[in-house]
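The values are calculated or read from the model by the stated rules, or taken from the named source; none is laboratory data. These figures come from a predicted structure and were not determined experimentally. Reconstructed Cβ throughout: ideal geometry from the backbone, glycine too, with neighbour counts over all protein chains shown. Accessible surface areas use protein heavy atoms only, side chains included; no ligands, DNA or RNA. Shrake-Rupley method; radii C 1.70, N 1.55, O 1.52, S 1.80 Å.
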Amino acid sequence: MSQYVISLPDPSKARGNDSDLSFHSRSASGFAEELEDALRTTRLFDSWRAKQPDPDAVDSQWGVTDPAATVTGELKDLRINLIATTTINSDVFRERLRLLAGHHWELRDVR
């Protein structure tokens, strides 16, 4: 189990390249709920995979889920800080964040 501490320095910019796949929230709890859903379910992965040239060729490792994942969020000094606890490996975790937030997030700590 890993704990990822993430910061969204400018929450209004925390959007991925594809608006169908990116964060839509504006509040700390909303960002936490969306990330938690992306870790617990295959919804984000399924949407992303459907947009690929050959969806059946996508490696299933990218669709791994953790039904017990938890994410909390707080607003502090105009930043949103998220703490995600999950068994999902760091490569998959980072890819989900790139889909959701683009490059507008910072990994602060991993435990």
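Considering only residues that are in contact (Cβ under 8 Å) with a residue 40 or more places away in the chain, open to solvent by 30 Å² or more (accessible area, probe 1.4 Å), assigned to a strand (DSSP E or B) and hydroxyl-bearing (Ser, Thr, Tyr), which ones fall in region 52-91?
Selection gives Thr72, Thr85.
Here is a list: Arg108, Arg94, Arg26. Which entry is assigned to a loop (DSSP other than H, G, I, E, B), out of contact with any His (no Cβ under 6 Å at 6 or more places or on another chain) and either open to solvent by 70 Å² or more (accessible area, probe 1.4 Å) or of a type in the set (Lys, Arg) (or both)? Can you show your working first?
Values: Arg108 fails: assigned to a loop (DSSP other than H, G, I, E, B); Arg94 fails: assigned to a loop (DSSP other than H, G, I, E, B).
Testing whether each residue is assigned to a loop (DSSP other than H, G, I, E, B), out of contact with any His (no Cβ under 6 Å at 6 or more places or on another chain) and either open to solvent by 70 Å² or more (accessible area, probe 1.4 Å) or of a type in the set (Lys, Arg) (or both) leaves just Arg26.
Select from region 34-48 the residues that are in a helix (DSSP H, G or I) and either in contact with a helix residue (DSSP H, G or I) (Cβ under 9 Å, 6 or more places away or on another chain) or over 15 Å from Phe93 (Cα atoms) (or both) and list them in ascending order.
Taking region 34-48 first, the residues in a helix (DSSP H, G or I) are 34-40, 43-48.
Correct list: Glu34, Leu35, Asp37, Ala38, Leu39, Arg43, Leu44, Phe45, Asp46, Ser47, Trp48.
Can you confirm whether Leu78 is farther than 15 Å from Met1 by Cβ and modelled with pLDDT under 95? Talk me through it step by step, then tell me what you get.
Details: farther than 15 Å from Met1 by Cβ: yes; modelled with pLDDT under 95: yes.
The answer is yes for Leu78.
Filter region 8-23 down to the residues that are over 12 Å from the mean Cα position of the chain (by Cα) and crowded, with 18+ Cβ neighbours inside 10 Å and list them by number.
Step one: filter region 8-23 for residues over 12 Å from the mean Cα position of the chain (by Cα), giving 9-13, 17-20.
Within region 8-23, just Pro11 meets the criteria.
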